[in-house]
Structures are given as C-alpha cells and as structure tokens.
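As structure tokens, the structure follows; a few thoughts come after it.
The values are calculated or read from the model by the stated rules, or taken from the named source; none is laboratory data. All of these numbers come straight from a predicted model, not from anything done at the bench. Methodologically, a virtual Cβ is constructed for each residue, glycine included, from the backbone with ideal geometry; neighbour enumeration extends over all protein chains shown. Areas reflect the complete protein model, heavy atoms only, side chains present, ligands, DNA and RNA absent. Shrake-Rupley method; radii C 1.70, N 1.55, O 1.52, S 1.80 Å.
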Amino acid sequence: MSAAQSIHAAGDEAVAIAHPNVALSKYWGKREGEGNVPAVPSLSVTLAGLTTRTRVRWDAALAEHRFALDGTPRTRAEAPRVFALLDEVRAGAHADVDSHNDFPTASGLASSASGFAALAVAAAGGAGAWDLARLADVARRGSASAARSLFGGFVEMDGTSVRPVAAVDHMPLAVLVCVTTQAPKAVGSTDGMRRTLAKSPYAAAWLDAAPRLHAELRAALLARDFPRVGELAEASALAMHASAIAAGVVYWNGATIDALAAVHALRAKGTAAYATIDAGPHVKVLVQPADVPAVRAAMGGVPGVLRILEAGPGEGAHLEVAS
Ligand code: 2P0
C-alpha cells in the first residue's frame, strides 16, 4: 500500500510504518527562505527490512505533545521539528507519540527519513483525509529526505515536488551498508549543508553539477543501466563530499577511505560495485544481487568496517492495518 492510498483512516489514533532511503543522486543544500526546500533535485531508493514504527494518538486532555523515541521521552526543546510537525497537522491539539526504530541510529541509515515519514503518516492518519502533496510538505519540513520515504521503489524529489519514478522491482539492486563507527555524527546534515553553501569555494560547482548528475542518473535508471547508475551515484556522492570537505565539513574517517579503495579495487577486477556515502563515515556499496556474496566478503575484509547491513528496494510509508 502506498501513502497515497492509506491516508483515509479517520480517528484519533494511527500507527504508521516507514523505511529509510539512500539517495543515488544526492540532496545537499537548501533554498533560501522557509520550508526546508532542497536546492538540488535528488533520486533515492527506499529500503526494505529496516523499519520505523510510530503510533500517534491525538488526545484532547493533553496540554502538550508527548514524544518518546525508542522509549526515551523527548521534550519540545530536544525534538523541535517533531513538535512543529504535530503543531502543523492539528493546530491547538496535542498528541501522544511513540516511535521505534528496528535499526541502530548509528547504522548510517538516516533515521530522520523514516522517522519523519512515519510520523507524518501516523499524525495525518489520525487527522482525517489528506492529499499527498500536503503530506509530502509536512514530511519535508521535518526532514527533506523523509518526503522521499513516503514512496516505495525509486523516488525523485525536486524542490517541493516528490514522486515515484520506478517501482520496487524496476532494477535488481542490493545496498551493502559498511558501518565504520558506532558513534553519532558530529555535524548534523542541516548544519553541514548550511556550512557548505556558506563557506565552500566549491558550493557553486556542486549546485551546478548536481542537477546534471541527477538527470543523467534518472535516465540511466529508466534504461536499467546498472553500471551507469552506479557510476553516477558514486560521482554524485563524491561531488557532494568534495564541496563539503572544502568548507571543513568532513564526514569521513580512515575506514571510509579504505572502504572506497576496496570498492575501486573490486571494480578494477571486473565487479560492478559502486560506492555512495551520506552525511557520515559509512560506505554504502551498490551491487547487483548476484555479486552480494563476493562484495560482502571483500568489504568485510577492510580494516575498520565493523559490520555490514544488507538492504534492497522497499515499499513506501503506510498506515499499519490492524490484523
Ligand atoms: C540525501 N542527505 O539526499 C542527502 C545526502 C545526506 C547526504 O538528505 O536538513 O536529514 O533534515 O532536510 O534530509 C540527509 O539530510 O536533512 C540527507 P534535513 P536530511 O539523502
């Protein structure tokens, strides 16, 4: 079920499921002004197997929202974007929210994407009928990548517009997440982007290159050209990080470089493996499913790769249907 089909459940309580996504062409940088609108288009794949489950119960007796993440209560000051989303969904009303991730926060997979997608769907699901554009708007204000997790398969975000471009089974793909630290990241994405656009001598080059890389990647994806998708995904990630690094925003550690070198060594020996890296030090290797065992073995031998998670294309956010 897609989010589009599922936001018709009325009532005061709803439970939603959402999955993280990994961008093949990266979003990095926001447009000036309000609304958390990305400055460049991006294209992601929503991932199966890793899940955020969020329950929202609207309660007229509450004087303030209550929010717990993995069992730990968070205040408005600690989670301002969560509280702002709830304020926006139902002005003047308050909700009790309980959210759980079945994957570790330091896994290198954005919990904000699945977190805000599940929150938006559950909050709206208990608030009557919503159109998808409004739902995407609310999710994007929480975290831009969350708007992409509303949809399954391959998803494009361009400004305020979000749409699926290819189904879950469009192109066989495995994502091997090579985890290189258990520590949380030092610089959040929002701050890293702001610093990149404000200070990087290569910010303009990134803003210029990103839409081109995105358009080429989209075309390669639609043509089911896996090696070209991989090359362009790696190019997008490296261009994003080059612009950030030039502003002093360095997400990589030593194992990131070693893992990247291992991916290049695999390619030199004829394996179609490509790297992408998000706002953290983990390396995500894009491969075709038949190559998973060999690539997993090679990446597992890289010193500093602590563990490897495997994911593949998955479904969009949706309300949990009571069984
Ligand atoms: C992406 N990232 O396209 C890029 C690539 C990380 C690197 O979207 O500021 O949590 O909340 O809108 O969506 C992560 O940033 O940032 C992200 P905000 P978000 O996946």
Practice task
Evaluate the stretch 159-167: report whether one residue or more is touching a residue at least 60 places away in the same chain (Cβ under 8 Å), part of a helix (DSSP H, G or I) and under 19 Å from L319 (Cα atoms).
Solution key: no
Completion exercise
Scanning the stretch 49-72 residue by residue, those within 18 Å of A113 (Cβ to Cβ), open to solvent by 40 Å² or more (accessible area, probe 1.4 Å) and either part of a loop (DSSP other than H, G, I, E, B) or within 13 Å of the ligand (Cβ to nearest atom) (or both) turn out to be G49, D70
Completion exercise
Among the residues of the stretch 172-189, the number that are among the aliphatic types (A, V, I, L, M) and within 15 Å of the ligand (Cβ to nearest atom) is 4
Problem - Total residues in the stretch 23-48, condition hydroxyl-bearing (S, T, Y), within 11 Å of the ligand (Cβ to nearest atom) and open to solvent by less than 10 Å² (accessible area, probe 1.4 Å) - result: 3
Exercise for the section: Given the conditions (1) open to solvent by less than 10 Å² (accessible area, probe 1.4 Å); (2) within 16 Å of the ligand (Cβ to nearest atom); (3) over 15 Å from the mean Cα position of the chain (by Cα), report the number of the one that G125 does not fulfil. Expected result: (2)
Practice task
Inspect all residues belonging to the stretch 190-210 and state whether any of them is more than 15 Å from the ligand (Cβ to nearest atom), open to solvent by less than 10 Å² (accessible area, probe 1.4 Å), assigned to a helix (DSSP H, G or I) and not small (G, A, S).
Solution key: no
Practice task
Please work out which residue is farthest from G108 (Cα to Cα), limiting yourself to the stretch 221-235 and to residues that are small (G, A, S) and crowded, with 20+ Cβ neighbours inside 10 Å.
Solution key: G230
Practice task
Kindly provide the set of residues from the stretch 216-246 that are away from the ligand (no atom under 14 Å from the Cβ) and free of Cβ contacts under 8 Å to residues at least 60 places away in the same chain, ordered by number.
Solution key: E216, A219, A220, L222, A223, R224, D225, P227, R228, G230, E231, A246
